[in-house]
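Reviewing the structure listed below.
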Amino acid sequence: MIKKSLAAFILLVSIFSCKKEASKTSQEKIEKDTISIVETKEDLFKPIDTTCSSKNKTEDYIETLQWYKQKTEKEIAQNSPEQNDKLYEAYSKIREKYIVCLSETLGKVLEEYVNYYDSESNSYKFPENIRKLSAELKKGSLEFREVGEGYTEIWSVPDHYFSVFKNRVTPDYNTYIEQLSKESESLYSADAGLVISWKELGERTIFWENFIKKYPKSPLISGVKVMYNSYLYDYLFGMDNTPTHEHSDGTLYDENRQEFNRIIKKYPNSNVAKKSKELMSLFDAKVPEEEIHKIINIERE
């Protein structure tokens, strides 16, 4: 009797174990099938071409930008910092291409954007469709940016690239991307005039001078030198509507002279300080402006 009861118990345990195993196997199959379906959907997605087409809608570009961001983040996790440097270059270029196409698609909106500015409240008042469009752009890490003279453009949000590549690239690229994210937080110039302060411009110029000294062999160096020279030129001579001096008699404005003296005192061994000293001496000596430009010799592109 005991033997029969034991045999029955063993049989029940065996049946229960088989059912449990079958249930586990079935669940695992469902989970694998679900994952397979998700992966298939991702693999089947085809980003729209970078050649602009009137057939593409705003949603198409945003979906493609999101897809590229996810794809890039997956690659970043597997790459070396050097590989991610190249990935950053490729990623930023393809985003720029899509932004150009998106700007064409939203051309009418960009033209009319400035009309939503209300001078009485000193703020923008957007209709519902523009608010929805702004929210849609945000999904692709994009925003409307008013750039002066009645023009509005579509820009990547300031911290987009740094949020994607932070500490996953080589030190020179990391420094470069981080600084660009900071600089793009505000407009640099508008209506042929400087928007940021002279002090901020001076600090930016010093930053890029130091970058050139620290990373002389960086693949970024040629582009950085162009940017540095542009900043240095603006710092010394100003822009059409924000000059550093009176064109009629070559007199330096007091605020610029004070700023030059500040930079000389703070960064005495810098090229910016050297050029500032030279510029002040030339203007004080009443050297013709055309000759000063030749002597200072800064190429601005």
For a quick check: with amide H placed at 1.01 Å from N, whose amide H comes under 5 Å from SER189's, ignoring anything fewer than 5 positions away on the same chain? VAL195
Let me have the relative contact order for segment 190-301, percent, based on Cα pairs under 8 Å that are six or more residues apart. 29 percent
Based only on other Cβ atoms within 10 Å, what is the fewest-to-most ordering of VAL114, VAL169? VAL114, VAL169
Using alpha-carbon coordinates, inclination of helix 198-214 to the longest axis of the chain, degrees: 70 degrees
Between 0 and 90°, nearest 10: helix 128-139 axis offset from the chain longest Cα axis: 80 degrees
Segment 168-179 - phi-based ³J(HN,Hα) in whole Hz, Karplus 6.51/-1.76/1.60, Gly and Pro as x: 10, 10, 5, x, 5, 5, 4, 5, 4, 5, 5, 5
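Taking neighbour counts of Cβ atoms within 10 Å as a proxy for exposure, in what order, fewest first, do PHE45, PHE283 appear?
Details: PHE45 13, PHE283 20.
Ranked by crowding around the Cβ, least crowded first: PHE45, PHE283.
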Can you work out ³J(HN,Hα) from phi for every residue in segment 188-197, in order, using Karplus 6.51 cos²θ - 1.76 cosθ + 1.60 and θ = phi - 60°, giving whole Hz and x for Gly and Pro? 7, 8, 7, 6, 6, x, 6, 9, 6, 6
Under the Karplus curve 6.51 cos²θ - 1.76 cosθ + 1.60, θ = phi - 60°, whole-Hz ³J(HN,Hα) for segment 236-244, x wherever Gly or Pro sits: 7, 10, x, 10, 3, 9, 9, x, 8
Let me see the pair-distance distribution of the chain: every alpha carbon pair, 10 Å bin width, integer percents in order. 5, 18, 22, 20, 14, 7, 4, 4, 3, 2, 1, 0, 0
Determine the dipole magnitude for the chain: charges of +1 sit on the beta-carbon of Lys and Arg, -1 on that of Asp and Glu, nothing else is charged, the reference point is the Cα centre, and the result goes in debye to the nearest 20. 2260 debye
Could you let me know the centre-to-centre spacing of segment 51-113 and segment 234-291, using Cα atoms, in angstrom? 41 Å
Can you list residues whose amide H is under 5 Å from HIS245's amide H, if they're 5+ apart or on another chain and H is modeled 1.01 Å from N? TYR253
Residues meeting the amide H criterion for THR170 (H placed from the backbone, H to H distance under 5 Å, 5 or more places apart or on another chain) are ASP85
Among the aspartates and glutamates, select those whose C-alpha is under 17 Å from the C-alpha of LYS55, and discard any that sit fewer than 8 residues away in the same chain. GLU63, GLU104
18 Å tail of the calculated P(r), segment 173-293, as % of Cα pairs: 53 percent
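The numbers here are math on the coordinates, done by the rules we state, and not lab data. On a predicted model such as this, the values are computed, not experimentally measured, just so you know. Because the Cβ atoms are built from the backbone with ideal geometry, glycine has one as well, and the counts that use them run over all protein chains shown.
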